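Visitor: Structure incoming, see below.
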Amino acid sequence: MKGMIEFYRDLRVKLVASLPCYLKKEVDSQRGEGVFERSIEVLKLLNKIGYGRDQNLVLDLVFNPEAAFLPPQQATLETDYKEELRKNFGIFFNKLITITNMPVGRFLQYLNKRHQYDEYDRLLRDSFNPRTVDKLMCRNQIVVGWDGIIYDCDFNLALGLPVGFGISRHISDFDPAVHSKRKIVTGIHCFGCTAGNGSSCSGALE
Ligand code: SF4
């Protein structure tokens with residue numbers, strides 16, 4: 001896939017890359033043996049071509065906790081990431097995005113396997129932060145599936161929960177006046193977006 005790097009650069013594509021830690025041990029235990037080294041290699045290639053250094057070539061990294069806890073403060077962690085990656089590997093990037101693990105999909109399996117679902121659910125509920133509600137990504141965006149079905153967010157897509165409450169579910173019938181005022185389909189997974197500093201595809205909400 002190395003040829004993609006020039007392709008992205010030529011089109012000025014903004015890149016958002018997952019790197020759950022700046023330590024090899026943590027990344028390999030979460031993503032598999034050797035993933036950290038391969039990630040570092042690619043980040044160096046991206047830097048070399050201008051990503052993370054040229055203002056038109058944005059490279060953001062994503063952190064998510066490797067276990068059942070909330071992400072630390074985004075700005076503080078970003079400082080640590082920048083310092084460690086620059087010092088140890090000479091790597092530069094623009095912004096760190098912290099994302100809370102949603103109790104769905106693979107992470108739900110992880111919780112169930114360790115009998116930690118109830119504990120994590122309680123942590124998310126107890127950490128509810130009402131200041132995040134106005135900034136939730138489902139308040140100002142939609143997600144469209146490959147088949148044209150509209151969802152409030154990508155978590156709802158993963159859970160098979162399209163937009164509801166009687167409005168059209170297909171992009172061919174999209175109506176900004178209706179869809180921008182839609183009632184959002186929520187579930188207990190939404191506590192993942194409202195816990196602590198909040199969470200979205202573009203990072204913490206406050
Ligand atoms: S999971 Fe819930 S709160 Fe979070 S973006 Fe989706 S609908 Fe909104």
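Taken together, the values in this text are just the output of simple stated rules run on the coordinates, not laboratory data. Because the structure is predicted, anything quoted here is derived from the model rather than measured. A quick note on method: Cβ atoms are made from the backbone with ideal geometry, for glycine too, and the neighbour counts reach across all protein chains shown.
Visitor: Relative to the longest principal Cα axis of the chain, at what angle does helix 35-49 sit, 0 to 90 degrees, rounded to 10?
Guide: Roughly 80 degrees between the two axes.
Visitor: Using mean Cβ contacts within 10 Å as the protection proxy, how do 70-82, 5-17 order, highest first? The partial results should precede the final answer.
Guide: On the way: 70-82: 16.1, 5-17: 13.0.
Peptide ranking by packing, descending: 70-82, 5-17.
Visitor: Can you flag which of 44/82; 25/135; 14/181; 2/44; 14/135; 14/183 are past 24 Å Cα-Cα? Walk me through the numbers before you get to the answer.
Guide: On the way: 44/82 14 Å; 25/135 34 Å; 14/181 29 Å; 2/44 12 Å; 14/135 22 Å; 14/183 31 Å.
Check vs 24 Å cut-off fails for 25/135; 14/181; 14/183.
Visitor: Okay, moving on. Share of Cα-Cα pairs in the chain beyond 29 Å, in percent? Working shown, then result.
Guide: On the way: 7266 of 21115 pairs.
Value for the chain (Cα pairs over 29 Å): 34 percent.
Visitor: Can you give the three extents of the C-alpha atoms in the stretch 12-95 along their principal axes, from longest to shortest, in whole Å?
Guide: Computed over the Cα atoms, the extents are 36, 27, 24 Å.
Visitor: For residue 24 and residue 147, what is the calculated FRET efficiency with R₀ set at 35 Å and r taken between the beta-carbons, to the nearest 0.05?
Guide: Working: r = 40 Å, r/R0 = 1.13.
It comes to 0.30.
Visitor: Within a Cβ distance under 10 Å of residue 197, other residues only, what is the Lys/Arg minus Asp/Glu net charge? Intermediate values should be presented prior to the final figure.
Guide: Values: positive: 131; negative: 206.
Net charge around residue 197: 0.
Visitor: On to the next question. Using the basic label-point model (7 angstrom from Cα toward the beta carbon), what is the residue 159 to residue 92 distance in nanometres?
Guide: 4.1 nm
Visitor: Would you be so kind as to identify which of 42, 76, 129 lies farthest towards the positive end of the dipole of the chain, taking Lys and Arg as +1 and Asp and Glu as -1 on Cβ and the Cα centre as origin?
Guide: 42
Visitor: Then there is this: With an 8 Å cut-off on Cα pairs and a minimum separation of 6 or more residues, tell me the relative contact order of the chain in percent.
Guide: Details: 281 pairs, mean separation 38.5, N = 206.
Normalised by residue count, the contact order of the chain is 19 percent.
Visitor: Report, for the chain, the % of DSSP beta bridges that are antiparallel, rounded to 5.
Guide: Values: 5 of 12 bridges.
Bridges in the chain that DSSP calls antiparallel: roughly 40 percent.
Visitor: Distance in nm between label sites at residue 80 and residue 12, each 7 Å beyond Cα in the beta-carbon direction?
Guide: 3.5 nm
Visitor: Would you tally the net charge around residue 144, using a Cβ to Cβ cut-off of less than 13 Å, leaving residue 144 out, and scoring K and R as +1, D and E as -1? Numbers along the way, then the final one.
Guide: On the way: positive: 169; negative: 147, 152, 154, 173.
For residues surrounding residue 144, the net value is -3.
Visitor: Excluding residue 59 itself, what net charge comes from residues whose Cβ is under 10 Å from its Cβ, given Lys and Arg +1 and Asp and Glu -1?
Guide: My count for the surroundings of residue 59 gives +1.
Visitor: Ok, one more. Can you give the extra length, in nm with one decimal, that the chain gains between residue 171 and residue 129 once fully stretched, where that is 0.36 nm per residue apart less the Cα-Cα distance? Mind showing how you got there, number by number?
Guide: On the way: separation 42, 0.36 × 42 = 15.12 nm, distance 3.24 nm.
That pair, residue 171 and residue 129, stretches by 11.9 nm at full extension.
Visitor: Kindly rank 190-198, 143-151 from highest to lowest mean number of other beta carbons found within 10 Å of each residue. Don't jump to the answer; show the numbers that get you there.
Guide: Values: 190-198: 21.6, 143-151: 14.3.
Going by the mean number of other Cβ atoms within 10 Å, highest first, we get 190-198, 143-151.
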